[in-house]
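In what follows, a single structure is set out as structure tokens and then discussed.
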Amino acid sequence: MTARRALLAGIFASLALPRSPAVARAAEVRLAVAANFTEPARVIAARFEVATGHRAVLSHGASGQFVAQIANGAPFDVFLSADASRPIQTEAAGLSAPGTRFTYATGRLVLWSRTPNLVDPRGRVLSTGRFEKLAIADPKTAPYGSAAIETLRRLGLEARLAPRLVRGASITQAYQFTETGAAELGFVALSQVINHRRGSRWTVPASLHSPIAQQALLLKRGADNPAARAFITFLKGPEAQAVIRRYGYEAS
Amino acid sequence: MAEVIWLTVKLAGVTTILLLILATPLAWWLARNRAWWKEVVGAVVALPIVLPPTVLGFYLLLALGPDSPLMRPLQAFGVRTLAFTFEGLVIGSIIYSLPFAVQPIRNAFQAIGDRPFEVAATLRASPLDAFFSVALPLARPGFLVATILTFAHTIGEFGVVLMIGGGIPGETEVLSIEIYRLVEALEWDRAHQLAGLLLVFAFAVMLSLLLIERRTGRLRP
């Protein structure tokens, strides 16, 4: 079975790649990347290609849907999830190469508004401010959403602000709601607003919620793929970790 | 779960009623007007068929948001935005389902032709009278198809609600959104139940449409 697959992979590789001895060892890694990690993943993939000569093909989407797709045979080698629970589940379902799960980035939660001076540096606006809507990511499916709820609970504001919450399907949507002003305030990811000079924000202390660990996995399909192994190594390396930090995550 | 289903049916029902009222004069005008440029209007009406719902939803989010000139008159009454409200979803659904109401009614009006109206005119029926006593009854199958299509299309609406809903239980959280959330949360059993329900519903809709078509086809000489 493996021999046949290797043979097929060889045939496809020889079809797809130009005939030069330098790329004879180059392979392709297919990545399922959580939508919130799109930008850094692109940069990391580009540097990975330069550094190793392998090719990285990125698919972006919702983590939960990737799990559904992977469970049904989707052709991914590596899974970069937006949380830890889905990789844990994927691992438990026997869909990954054993012992390859690790945290590649830790997200930071930010209370953000596009209105200057609305959010004060300590987030008091939550208890005193005049606002109609506070956007969060769905706490049931997005780790940034559950972190937002935990923060509100810790501040003793959960019940009081519940009627003002609007839930985006993802952290991207929570950001969209806030960016368009439809919601005046939003709990978003630091990575989404790190380059914004306008607006106002409060970076929520990490002590107010459990860590937003984004975990990666080498999937079964990628276990024998040298490019997939190389990507995992590269992702753990200093170059990739520097990119991750630059985008507002804490590196591991 | 019952709340989600009820809200979805309510949204589809309200949308269907309002849309039929709105689509009828529009379809009549499109069917009877002879100017070529009426098709510009026809094309605008048909846009939601080809536009991705997320595009429509994104524009709606901007149009119903606090910066929109459309919202300014309402802001005088203390309504800051219509995003995240049931009313906002109704507006979105009306736009989203517009072609599914206008097209069948327009086709039905066009199929009548000029003759019945000429006869009505010789019998001294006023144009308004002719519209109610000739056009509407003859176009009944078109209205039936429009009603079913609009209702069903709104039940299955996803992208628009996703973009402007904000997932507020009892207000904007509808069936398709709930299924999306359940899949995302890996609660596949419950997702299966709701998805199965939608599948049966969609099949019933398509079957009834085909049966209507068959019957009206047979009625024609």
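Can you work out which of the residues in region A:160-179 that are surrounded by fewer than 24 Cβ atoms within 10 Å (Cβ to Cβ) and over 18 Å from the mean Cα position of the chain (by Cα) is farthest from the other protein chains (Cβ to nearest Cβ)?
Looking at residues that are surrounded by fewer than 24 Cβ atoms within 10 Å (Cβ to Cβ) and over 18 Å from the mean Cα position of the chain (by Cα), I get A:Arg160.
Given the structure, is A:Ala228 hydrophobic (A, V, I, L, M, F, W, C), touching a helix residue (DSSP H, G or I) at 6+ places or on another chain (Cβ under 9 Å), at pLDDT 95 or above and in a helix (DSSP H, G or I)? Walk me through it before giving the result.
On the way: hydrophobic (A, V, I, L, M, F, W, C): yes; touching a helix residue (DSSP H, G or I) at 6+ places or on another chain (Cβ under 9 Å): yes; at pLDDT 95 or above: yes; in a helix (DSSP H, G or I): yes.
In short, yes.
Among the residues of region A:109-130, write down those that are assigned to a loop (DSSP other than H, G, I, E, B) and hydroxyl-bearing (Ser, Thr, Tyr). Write out each step before concluding.
Let us first name the residues in region A:109-130 that are assigned to a loop (DSSP other than H, G, I, E, B), namely A:114-124, A:129-130.
Matches in region A:109-130: A:Thr115 only.
Could you please give the count of residues in region B:143-165 that are farther than 19 Å from B:Glu87 by Cβ and of a type in the set (Val, Ile, Thr)?
Count: 3.
Can you confirm whether region A:139-159 contains a residue that is touching a residue at least 40 places away in the same chain (Cβ under 8 Å), facing chain B (nearest Cβ under 10 Å) and part of a loop (DSSP other than H, G, I, E, B)?
yes
Is it fair to say B:Leu26 is under 15 Å from B:Gly165 (Cβ atoms) and in contact (Cβ under 8 Å) with a residue 24 or more places away in the chain?
no
Got at least one residue in region B:145-161 being surrounded by fewer than 22 Cβ atoms within 10 Å (Cβ to Cβ) and either closer than 23 Å to A:Leu165 by Cα or within 13 Å of chain A (Cβ to nearest Cβ) (or both)?
Yes, region B:145-161 contains a residue that is surrounded by fewer than 22 Cβ atoms within 10 Å (Cβ to Cβ) and either closer than 23 Å to A:Leu165 by Cα or within 13 Å of chain A (Cβ to nearest Cβ) (or both).
List the strands (runs of 3 or more DSSP E) that sit entirely inside region A:9-102 and contain at least 2 residues that are modelled with pLDDT of 90 or more and either under 17 Å from A:Ala213 (Cβ atoms) or assigned by TED's automatic domain parsing to the domain that holds A:Ala169 (or both).
A:28-34, A:78-80
Kindly provide the set of residues from region A:160-170 that are of a type in the set (Gly, Ala, Ser) and free of Cβ contacts under 8 Å to residues at least 24 places away in the same chain, ordered by number. Outline the logic, then answer.
The first filter runs over region A:160-170 and keeps only residues of a type in the set (Gly, Ala, Ser), leaving A:162, A:168-170.
Answer for region A:160-170, where residues must be of a type in the set (Gly, Ala, Ser) and free of Cβ contacts under 8 Å to residues at least 24 places away in the same chain: just A:Ala162.
Sort out which residues of region A:180-197 are facing chain B (nearest Cβ under 10 Å) and either in contact (Cβ under 8 Å) with a residue 60 or more places away in the chain or part of a strand (DSSP E or B) (or both), and write them in order of number.
Step one: of region A:180-197, the residues facing chain B (nearest Cβ under 10 Å) are A:180-184.
Selection gives A:Gly181, A:Glu184.
Taking region B:33-54 on its own, how many of its residues are away from chain A (no Cβ under 13 Å), under 19 Å from the mean Cα position of the chain (by Cα) and either hydrophobic (A, V, I, L, M, F, W, C) or surrounded by 13 or more Cβ atoms within 10 Å (Cβ to Cβ) (or both)? Even if it seems obvious, please write down each step before you answer.
Narrowing region B:33-54 to residues away from chain A (no Cβ under 13 Å): B:33-53.
Narrowing further to those that are under 19 Å from the mean Cα position of the chain (by Cα): B:41-53.
Subsequent filtering for residues that are either hydrophobic (A, V, I, L, M, F, W, C) or surrounded by 13 or more Cβ atoms within 10 Å (Cβ to Cβ) (or both) retains B:41-51, B:53.
Total meeting the criteria: 12.
Can you tell me which residue is farthest from the other protein chains (Cβ to nearest Cβ) among those in region B:163-220 that are farther than 23 Å from B:Ser93 by Cα and assigned to a loop (DSSP other than H, G, I, E, B)?
So, considering only residues that are farther than 23 Å from B:Ser93 by Cα and assigned to a loop (DSSP other than H, G, I, E, B), the one farthest from the other protein chains (Cβ to nearest Cβ) is B:Arg220.
Out of A:Gly199, A:Gly186, A:Gly181, I need the residue that is under 20 Å from A:Asp120 (Cα atoms) and at pLDDT 95 or above. Which one?
After applying the criteria, what remains is A:Gly186.
Those residues that are more than 14 Å from every other protein chain (Cβ to nearest Cβ) and over 12 Å from the mean Cα position of the chain (by Cα), I need them from region A:60-73; list them, please. Even if it seems obvious, please write down each step before you answer.
Initially, region A:60-73 is screened for residues more than 14 Å from every other protein chain (Cβ to nearest Cβ), giving A:60, A:73.
Residue satisfying the conditions is A:Gly73 alone.
Please go through region A:48-84 and pick out each residue that is under 15 Å from A:Arg229 (Cβ atoms), buried (at least 24 other Cβ atoms within 10 Å of the Cβ) and of a type in the set (Gly, Ala, Ser).
Correct list: A:Ala56 only.
Does A:Leu217 satisfy the criteria of being more than 14 Å from chain B (Cβ to nearest Cβ), assigned to a strand (DSSP E or B) and either farther than 23 Å from A:Arg245 by Cα or touching a strand residue (DSSP E or B) at 6+ places or on another chain (Cβ under 9 Å) (or both)? Before you say what the answer is, go through the steps one by one.
Working: more than 14 Å from chain B (Cβ to nearest Cβ): yes; assigned to a strand (DSSP E or B): yes; either farther than 23 Å from A:Arg245 by Cα or touching a strand residue (DSSP E or B) at 6+ places or on another chain (Cβ under 9 Å) (or both): yes.
In short, yes.
The values are calculated or read from the model by the stated rules, or taken from the named source; none is laboratory data. All values reported here derive from a predicted model rather than from experimental measurement. With ideal geometry, Cβ positions are generated from the backbone for all residues, glycine too; neighbour counts draw on all protein chains shown.
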